[in-house]
Amino acid sequence: MPLRRPVLPNIKGPSLLGPCRRENFMDELTYHYDGSYAGLLSVLQRIFAWRETPTEICVAAPAQDDLFSTAAQVATDLQRADQLLSAIRTHLSPDSATFVRHAFFSEVPGVEMAIYRYLAHGWKVRRRLDDDLACPAVAEVQRLAQRVRRESHRLKGLARFRETDEGLLYAPLEPEHFVLPLLAPHFAERLGQERWLIQDVRRSKGVFYAEGRWVLADLDVHASPQFSAEESHWQQLWQTFFARIAIAERTNPRQQKSFMPMKYWKYLVEMEPR
């Protein structure tokens, strides 16, 4: 039985990417990219345009080809990435594009292939994609996206900003997923008159906001900001408030840990020793 391959609507194939040099499309292919979201979209655009069959999509550089598989290093191409996003929004739905983006931010092993299977199914069912929860590919991508959204929602309430000696509001975090792109618009609206920096300590990245714009950047994980003279005073006031409003008879540590998981306590001012 011939292998059926998903066809991406209205995406140019070899005419866009150059002459097709592959004669045997049954080869197993491993793709390598730079780890960025645009990089993954560039890989997926090539896969669907060239009707190729991936066995793995990963960030690591290829070691060597073996007898039955071929490794391909795909450069990030913003034009191709935008082309694929446009096709997803047009032929599937804007929600599908959001599911793909948020699932990618989960950074779980194998998420790239999960997204490939999700889109491959999408080209078959089109706008019915996200209602087809019986499909494992759909369920997996939506589950990963929901995990990212849930963590970003929690951290919108658990991020604790401290004032540096330069007047910058600084909030360190160690999220399980890459949620900075989801946190940035929220705090840009909430703290639009301030300059602030949220640092993802685990990934050595941060999002900086000033004058109506925010930008993602790499940050030195060992950098330790100096706090303002008033910061210690405000922290003590917050700790006192947190302790005073607690009703001892109604304290429920188990429920507290449910709403405020202990993995986030490291940077909570109210949980620091007084």
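The values are calculated or read from the model by the stated rules, or taken from the named source; none is laboratory data. No experiment lies behind these values; they were computed from the predicted model shown. A quick note on method: Cβ atoms are made from the backbone with ideal geometry, for glycine too, and the neighbour counts reach across all protein chains shown.
Screening Gly167 with (1) among the small types (Gly, Ala, Ser); (2) touching a residue at least 40 places away in the same chain (Cβ under 8 Å); (3) farther than 30 Å from Trp265 by Cβ; (4) outside any helix (DSSP H, G or I) gives one miss only, at (3).
Within the stretch 164-181, the set of residues being at pLDDT 95 or above, surrounded by fewer than 19 Cβ atoms within 10 Å (Cβ to Cβ) and touching a Ser or Thr at 6+ places or on another chain (Cβ under 7 Å) is empty. Which one is surrounded by the fewest Cβ atoms within 10 Å (Cβ to Cβ), of the residues in the stretch 97-145 that are within 23 Å of Leu183 (Cβ to Cβ) and free of Cβ contacts under 8 Å to residues at least 40 places away in the same chain? Taking the candidates together, the pick is Arg143. Every test in (1) modelled with pLDDT of 95 or more; (2) outside any helix (DSSP H, G or I); (3) surrounded by fewer than 22 Cβ atoms within 10 Å (Cβ to Cβ); (4) hydrophobic (A, V, I, L, M, F, W, C) is passed by Ala71 save one, and that test is (1). Within the stretch 13-46, the set of residues being assigned to a helix (DSSP H, G or I) and modelled with pLDDT under 95 comprises Pro14, Ser15, Leu16, Leu17.
Taking the listed residues Gly122, Gly167, Gly157, Gly110, the one that is in contact with a Leu (Cβ under 7 Å, 6 or more places away or on another chain) and small (Gly, Ala, Ser) is Gly122, with no other qualifying. The numbered conditions (1) within 28 Å of Gln146 (Cβ to Cβ); (2) surrounded by 11 or more Cβ atoms within 10 Å (Cβ to Cβ); (3) modelled with pLDDT of 90 or more are all true for Gln256 except (3).
Taking the stretch 130-149, which residues are assigned to a helix (DSSP H, G or I) and more than 21 Å from the chain's Cα centre (by Cα)?
Of everything in the stretch 130-149, just one residue is assigned to a helix (DSSP H, G or I) and more than 21 Å from the chain's Cα centre (by Cα), namely Asp131.
Here is the figure for the stretch 150-163: residues that are crowded, with 16+ Cβ neighbours inside 10 Å and either part of a loop (DSSP other than H, G, I, E, B) or not aliphatic (A, V, I, L, M) (or both) total 8.
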